Amino acid sequence: MNCIYEAAKKRYAEIGIDTEAVLAKLAKAEVSVHCWQGDDVLGYDSVGGLSGGIQTTGNYPGRARTPEELMADLDKALSLVPGAHKLNLHASYAIFENGEHVDRDAIEPKHFAKWVAYAKERGMGIDFNPTCFSHPKAKTLTLSSPDEEIRTFWVNHVKACIRISEYFANETGKPCVMNIWIPDGFKDTPADRVGPRARFKKSLDEILTQPYDREKVYVTLESKVFGIGVESYTVGSAEFTLGYAAANGLVPLMDNGHYHPTEVVSDKISALLVLNKKLALHVTRGVRWDSDHVVRLDDETKEIAKEIVASGRMDDIAMALDFFDASINRVAAWVVGLRSFRKALLSALLTPHADLAKLQDAEEFTKLMVLQEELKTMPMGAVWDEFCAREGVIANEGYFDVIDAYEKDVLLKRV
Ligand code: RNT
Ligand code: ZN
């Protein structure tokens with residue numbers, strides 16, 4: 001018996017928290033792991049660079065150059081992270097074999113069979129994303145393009161992705177969250193703001209003529225305020241995506257890097273939850289802009305987790321991570337981000353939300369502040385260590401040595 005954990009358990013019991021129930025819940029909560037941290041969002045279906053107003057920075061050695069390398073790196077990362085996961089894939093991670101190659105409007109389930117086998121062996125569900133960037137037909141606008149050939153190409157791509165998403169759900173037995181994000185926008189003041197949005201709406205309407213089982217595939221729409229090179233206008237703004245999702249029974253997706261810097265997603269979660277059956281999140285860390293830094297255990301990450309847990313609707317929220325740091329060891333980036341978010345969830349689960357809410361309703365704001373501050377130094381670390389031990393994962397900074405060895409043995413040999 002771990003006496004440090006036993007002491008922490010007693011202390012939490014004093015504020016009405018059952019740490020055993022917390023540990024059980026924490027283990028089951030699924031976090032979707034974005035495959036694109038491992039290869040700088042490049043994918044394997046083309047040779048061009050990353051486009052679409054997003055950017056990785058850094059040139060750390062060891063990028064996964066093939067799907068096999070990516071799978072090996074993911075395995076290494078996941079061996080160091082406690083808790084349940086889903087695999088989050090982009091369409092650009094299609095695996096072509098025997099010299100075959102098809103364009104994005106013609107991809108099929110078979111191009112993802114290896115990923116399905118990978119996920120099934122590890123008991124993971126799969127989430128999916130159409131890739132409407134890093135492609136010759138994504139030079140400017142995609143689903144909002146005035147060029148009918150281009151617009152139709154991307155409509156067909158997203159329809160193909162819906163079919164692949166349903167295949168993922170059928171194969172894994174778990175629903176697939178399929179997120180539509182487009183990079184469309186303008187660097188400078190547009191002459192016509194309506195046209196692109198009207199065409200985006202038309203494209204989405206056409207995409208939704210693709211029949212699919214809404215119990216198996218959750219189509220989400222991600223908004224964005226600006227991107228690199230699209231600073232003045234994005235077609236898929238918050239108003240557009242929220243309105244379209246509400247009108248068409250889709251799920252809104254919020255990425256906390258996609259708002260003006262003083263806006264916080266932690267405050268938006270409750271607003272969307274009371275108005276929607278489901279909600280999806282991309283948890284990231286925007287530093288000054290939508291920079292997609294590795295998620296850390298900072299105040300906003302904790303507040304997002306708090307809102308997820310306090311809502312009592314954790315099961316209605318699809319939690320995915322979305323960052324891509326190429327300036328540090330990429331396996332470590334995954335591990336730090338996943339562990340940090342899981343710690344934020346733990347912190348939220350160790351909070352007596354109902355009691356605090358009662359204080360708010362009774363307008364006992366002084367006592368509320370005192371308790372909120374004292375909660376910050378409760379012995380969460382001991383519960384985290386116990387969680388890692390039960391999950392068979394290194395609890396402390398010792399995992400760095402494992403990553404360091406992997407870097408020397410595997411990553412640095414990729415030249
Ligand atoms: C871009 C969006 C989008 C991407 C991934 C790769 O700003 O956040 O979710 O990061 O699809
Ligand atoms: Zn995102």
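Values computed for the structure shown
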item: Shape category assigned to region 134-195 from the gyration tensor of Cα positions, a/c cut at 1.5; result: prolate
item: Net charge contributed by nearby residues that have their C-beta within less than 15 Å of LEU141 (K/R +1, D/E -1); result: +4
item: Ranked list, fewest to most other Cβ atoms within 10 Å of each Cβ, for SER144, SER165; result: SER144, SER165
item: Prolate/oblate/rounded call for region 215-357, Cα gyration tensor, a/c under 1.5 rounded; result: oblate
item: Where trypsin sites (Lys or Arg not before Pro) fall in DSSP loop in region 312-415, at most 13 other Cβ within 10 Å; result: LYS376, ARG414
item: Separation between Cα centres of region 125-147 and region 336-351, rounded to whole Å; result: 33 Å
item: Residue order, fewest to most beta carbons within 10 Å, for VAL41, VAL155; result: VAL155, VAL41
item: Helix-only mean residue ellipticity at 222 nm for the chain, each DSSP H run of n ≥ 4 adding -39500 (n - 2.57), per residue, nearest 500; result: -13500 deg cm²/dmol
item: For region 64-83 versus region 160-202, the gap between their alpha-carbon centres in whole angstrom; result: 27 Å
item: Relative contact order (percent, whole number), region 94-219, Cα cutoff 8 Å, 6+ residue spacing; result: 32 percent
item: Range of Cα positions in region 280-331 per principal axis (Å), largest first; result: 37, 19, 18
item: Charge tally in the Cβ shell below 13 Å around ALA247, where Lys, Arg are +1 and Asp, Glu are -1, ALA247 excluded; result: -1
item: Within the chain, longest stretch free of exposed GluC sites (Glu not before Pro) [DSSP loop, at most 10 other beta carbons within 10 Å]; result: 216-362
item: Region 358-375 and region 395-412: distance between their alpha carbon centers, rounded to Å; result: 43 Å
item: DSSP beta bridge pairing in the chain, given as percent antiparallel to the nearest 5; result: 10 percent
item: Percent of beta bridges antiparallel (DSSP, region 154-292, rounded to nearest 5); result: 20 percent
item: For VAL194, VAL102, order by how many other beta-carbon atoms lie within 10 Å, fewest first; result: VAL194, VAL102
item: Cut-off 13 Å between beta-carbons: net charge of the residues surrounding ASP75, Lys and Arg +1, Asp and Glu -1; result: -2
item: The chain - percent relative contact order, Cα under 8 Å, separation 6 or more; result: 20 percent
item: Choice from PHE400, PHE133, PHE365 showing the highest fluctuation, given a GNM over the chain with Cα pairs closer than 10 Å; result: PHE365
item: Whichever aspartates and glutamates have a C-alpha closer than 12 Å to that of LYS224, once near sequence neighbours (fewer than 8 apart) are set aside; result: ASP184, GLU239, ASP255, ASP290
item: Principal axis dimensions, largest first and in whole angstrom, of region 246-318 by Cα; result: 32, 25, 18
item: Candidate lysines - alpha carbon under 18 Å from LYS159, same-chain residues fewer than 8 apart omitted; result: LYS110, LYS137, LYS201, LYS202, LYS216
item: Whole-number D in µm²/s for region 353-415 (Stokes-Einstein; Kirkwood sum over Cα pairs; 4 °C, 1.567 mPa s); result: 84 µm²/s
item: Neighbour cut-off at most 14 other Cβ (10 Å), DSSP loop, chymotrypsin sites (Phe, Trp or Tyr not before Pro), region 1-109; result: PHE96
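Read-outs: derived from the displayed coordinates by stated rules, not from any lab. Predicted, not measured: the structure shown is a model, and the values here were computed from it. Neighbour counts run over all protein chains shown; Cβ positions are idealised from the backbone, glycine included.
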